[in-house]
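Structure first, commentary second.
The values are calculated or read from the model by the stated rules, or taken from the named source; none is laboratory data. Everything numeric in this text was worked out from a predicted model, so none of it was measured. Counting neighbours? That spans all protein chains shown, and the Cβs are built from the backbone with ideal geometry, glycine included. All accessible areas refer to the heavy atoms of the entire protein, side chains included, with ligands and DNA or RNA removed. Shrake-Rupley method; radii C 1.70, N 1.55, O 1.52, S 1.80 Å.
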Amino acid sequence: MVRHFIIMSDSYSEHTRIALDILEKTQDDVNYITDVVLKIKKACKGEAPFSTHSICADSEEWASVLKVDPYFAGVKVIDSVEEFITKIMKDRVLKGFDVARYILTKLSCSHLKLEKLCYLCYADYLCKTGNRLFEDKIYAFRYGPVVDTVYEKYKKYGDLEIVEREEIVEREEIIEKQERLELPWESRILFSENGIEKVHSINETLGKYGGFPAWGLVEITHSGDTPWAHSYKGQNYNEISDKEILKWHCNE
């Protein structure tokens, strides 16, 4: 019998689970495993978005693990610790699109309303914590703030309601058409750095602004001394900086 020590996580960008499979034969292997776990925790700044499993199998081959426990079927085994950490850290950073998809599991939105809610979620979180909710740039367009990746994905809908709402899953399920695991969008945010804090903040913002129609949100972002008002210069793609948001979001 061979003992496999398995460190497992999710790769949201690759839509699959990933794992390190370390054979546990000697005390040196045990020491190495301890070092690897500490290295991953350090990279994740104390948060640990991974699980550990110890499995006894017939051989050193990964196929022998699958025979013991089918739970590991479909898991992608990663060759090195460095690659495993790189894949985890890539998913620790959110895009505006990730937040948009989460919002669409909660509310029906037009593109215009979705843009404003993504911006307000970002602005609220930034002003509460001093940290960015996601990495996209935010631009001042004629009708208010626009989030980079959200605009590129959903501009095709114009004034219509975004119909992808029915395609968004709120629980884990297998999408046979895509033959892959569709991971819940709330979990995507929870997996990111300070994920619990981010989900709580987003939900608070949606509680405040989610009931407004799109044009009501436009009025909020256009009123008085707002970040948009101090950034829009009569043409699209003027960036709304974090500095402007921190200074003027209190007026929205």
message: If I model a spin label as a point 7 Å beyond the Cα along the Cα-Cβ vector, how far apart are those points for residue 13 and residue 161 in nm?
response: 3.5
task: First compute the accessible area of the chain with a 1.4 Å probe, then give the percent of it belonging to carbon and sulfur atoms.
output: 50
query: Each residue of the stretch 139-153 in turn: what ³J(HN,Hα) in whole Hz from Karplus with 6.51, -1.76, 1.60 and θ = phi - 60°, glycine and Pro shown as x?
result: 10, 8, 9, 4, 9, x, x, 10, 9, 3, 5, 5, 4, 5, 7
message: If I take every Cα pair under 8 Å that is 6 or more residues apart in the chain, average their sequence separation and divide by the length, what percent do I get for the relative contact order?
response: 20
- prompt: Between residue 219 and residue 35, what is the spin-label point distance in nm, taking each point 7 Å from the Cα along the Cα→C-beta axis?
  reply: 6.4
message: Suppose every Lys and Arg Cβ carries +1 and every Asp and Glu Cβ carries -1, with no other charges. What dipole size does the chain come out with about its Cα centre, to the nearest 20 debye?
response: 820
- request: Would you compute, from DSSP H runs of 4+ residues alone, the mean residue ellipticity of the chain at 222 nm, taking -39500 (n - 2.57) per run and dividing by the full residue count, rounded to the nearest 500?
  value: -12500 deg cm²/dmol
statement: Residues meeting the amide H criterion for residue 17 (H placed from the backbone, H to H distance under 5 Å, 5 or more places apart or on another chain) are 11, 76
- request: Using the charge dipole of the stretch 1-151 (Lys, Arg: +1 at Cβ; Asp, Glu: -1 at Cβ; taken about the Cα centre), state which of 131, 74, 34 has its Cα farthest towards the positive end.
  value: 131
- prompt: Roughly how many Å is it from the Cα centre of the stretch 21-62 to that of the stretch 116-158, as a whole number?
  reply: 39
